[in-house]
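Please treat every number below as a calculation from the coordinates, not as lab data. These numbers were taken from a predicted model, which means no experiment stands behind them. Reconstructed Cβ throughout: ideal geometry from the backbone, glycine too, with neighbour counts over all protein chains shown.
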Amino acid sequence: MTTVAKVIELVGESEVGWEDAVHNAVEEASRTIEGITGIEVVNLTATLADGAIEEYRVNLKLAFGVREDRL
């Protein structure tokens, strides 16, 4: 049996921190994507206002299995 996975790239955002941004992206994706198997954090960035971090952003790759009945 061959296992096939699809990988998509997402951007998560948070006013709290990078870890929260990851959680937000995964939580939002899991509302419409079944069978998420893993993530890879690709990049961490932030926006600043008056020298302070205003918003944390994370680029991540998210993997999920492709159902065999759809191949």
Note: the chain, point scatterers on Cα, Debye, no solvent; log10 I/I(0) at q = 0.14, 0.17 Å⁻¹ equals -0.48, -0.63
Longest principal axis of the chain (C-alpha) makes with the long axis of helix 18-30 (C-alpha) an angle, in degrees to the nearest 10, of 40 degrees
Counting Lys +1, Arg +1, Asp -1, Glu -1, what net charge surrounds THR37 among other residues with beta carbon under 12 Å of its beta carbon? 0
What FRET efficiency do you get for THR47 and GLU27 if R0 is 22 Å and r is their Cβ-Cβ distance, rounded to the nearest 0.05? 0.55
